[in-house]
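Presented below is the structure to which this report refers.
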Amino acid sequence: MGTAVIAIVAMQNPGGLSELAASTRVVAQVMTIVSIILTIGLLTAYLARIVWHFDAAAASLRDPVQGGLYGTIPGGILVIAATMAAVGPTWFAPTTVRTVITALDWVGVPTALAVSVAFAYLLFVHPSANTEAVNGSWFIPPVVNIVVPLVFLPSIPGSSPATARALLFLSYAFWGVGFALYVLILAMLFQRLVVHPLPHAALAPSLWIGLGPIGVGTVTLVKMATAGSALYGPVGPSIEVFVNLFATVLWGFGAWWLIAATILLVRYLRNGSLPFGIGWWAFTFPLGAYTTETIVLAESWDLSALRWLGAGLAVVLALF
């Protein structure tokens with residue numbers, strides 16, 4: 001997820017400089033290949049662990065800290081599908097791209113829903129899931145549901161009207177699942193940060209995961225409004241304006257969250273070391289999602305300052 005999002009960001013040509021368009025396209029293609037190789041390797045390892053060490057894998061899913069990370073399995077598959085939608089047309093014919101995306105959808109979409117339900121159920125019934133255990137990794141199962149529209153929407157052009165309506169309906173439904181869960185967990189995490197001591201240093205990066213649902217949620221909203229414009233009839237332009245305004249509201253909260261998470265990160269660094277671990281993933285995909293959101297809104301509002309901010313965030317993402 002963290003590698004593929006670089007391909008998606010690069011394909012947008014952050015900064016909008018025509019001189020860099022060819023270079024960013026090459027970067028997008030290279031990172032797409034790398035992310036596909038990583039997906040195959042890591043998915044094989046995940047499946048091998050589930051088959052040969054089922055008890056350990058189940059224990060990880062029940063763990064309130066590690067369990068949410070299982071969302072990266074369908075998340076990785078869906079982000080690869082979204083990457084194919086963005087970068088695939090530079091290699092393959094549109095029909096081939098749609099076939100690949102559809103195949104990935106059949107695996108990633110039901111798994112995304114299943115993981116989010118299973119993880120929530122285990123939190124409901126597991127005695128160790130207390131308020132102090134809330135952490136940013138809980139955002140991962142919701143965010144993978146928000147990613148689903150990004151892999152449904154490319155199939156709308158060329159589909160029959162009935163199929164197009166069904167895909168758009170499912171896109172909004174999955175967005176609702178993911179974003180409603182995000183809001184619920186966000187309230188729990190905010191309370192946890194206020195009434196309990198800060199999480200230990202290993203969990204500090206997880207606070208950045210809050211950028212993921214904001215970034216992906218905004219991009220999917222904008223794309224759903226655009227994809228559905230032909231189905232909305234005369235109210236289509238009004239819906240697109242409203243969505244653009246609401247997306248900007250979410251972007252503003254994302255900026256606040258990014259500043260707060262950065263300040264807390266500096267505090268952790270000043271008080272001691274920040275141990276390297278799997279949690280550092282939070283510096284990649286969530287930031288990439290917010291970077292993509294910034295670039296999309298820069299085009300919607302036609303603001304050069306926002307374009308350069310998106311380019312700056314893309315540089316930080318690449319460094320991470």
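Overview of results
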read-out: Verdict on THR44 being surrounded by fewer than 14 Cβ atoms within 10 Å (Cβ to Cβ) and within 25 Å of ASP105 (Cβ to Cβ); value: yes
read-out: Segment 47-80: number of residues that are surrounded by 15 or more Cβ atoms within 10 Å (Cβ to Cβ), without any contact (Cβ under 8 Å) to a residue 40 or more places away in the chain and among the β-branched types (Val, Ile, Thr); value: 2
read-out: Test: residue in segment 183-204 that is of a type outside the set (Gly, Ala, Ser), closer than 25 Å to ILE8 by Cα and part of a helix (DSSP H, G or I); value: no
read-out: Residue satisfying all of: in segment 124-144; surrounded by fewer than 22 Cβ atoms within 10 Å (Cβ to Cβ) and hydroxyl-bearing (Ser, Thr, Tyr); farthest from the chain's Cα centre (by Cα) among these; value: SER128
read-out: Residues satisfying the stated conditions in segment 255-280, i.e. at positive phi and of a type in the set (A, V, I, L, M); value: none
read-out: Tally, over segment 131-189, of residues that are free of Cβ contacts under 8 Å to residues at least 40 places away in the same chain, within 23 Å of LEU69 (Cβ to Cβ) and among the polar types (S, T, N, Q); value: 1
read-out: Filter result for GLY176 (on the phi > 0 side of the Ramachandran plot and loosely packed, with under 14 Cβ neighbours inside 10 Å); value: no
read-out: Number of the exception - VAL34 against (1) surrounded by 16 or more Cβ atoms within 10 Å (Cβ to Cβ); (2) touching a residue at least 24 places away in the same chain (Cβ under 8 Å); value: (1)
read-out: Residue list for segment 14-28, filter: of a type outside the set (A, V, I, L, M), in contact (Cβ under 8 Å) with a residue 12 or more places away in the chain and surrounded by fewer than 24 Cβ atoms within 10 Å (Cβ to Cβ); value: GLY15, GLY16, THR24, ARG25
read-out: Members of segment 255-290 that are under 17 Å from the mean Cα position of the chain (by Cα) and outside any helix (DSSP H, G or I); value: THR284
read-out: Residue within segment 28-44 that is of a type outside the set (S, T, N, Q) and within 29 Å of PRO199 (Cα to Cα) present; value: yes
read-out: Residue in segment 107-123 that is modelled with pLDDT of 90 or more, hydroxyl-bearing (Ser, Thr, Tyr), surrounded by fewer than 18 Cβ atoms within 10 Å (Cβ to Cβ) and more than 30 Å from VAL195 (Cβ to Cβ) present; value: no
read-out: Residues of segment 137-173 that turn out to be modelled with pLDDT of 90 or more and either among the small types (Gly, Ala, Ser) or not in a helix (DSSP H, G or I) (or both), as a count; value: 6
read-out: Residues satisfying the stated conditions in segment 63-96, i.e. over 16 Å from ALA282 (Cβ atoms) and within 13 Å of the chain's Cα centre (by Cα); value: ILE73, PRO74, ILE77, LEU78, ILE80, ALA81, ALA82, THR83
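The values are calculated or read from the model by the stated rules, or taken from the named source; none is laboratory data. Quick caveat: nothing in here was measured; it's all calculated off a predicted structure. Backbone-built Cβ (ideal geometry, glycine too); neighbour counts: all protein chains shown.
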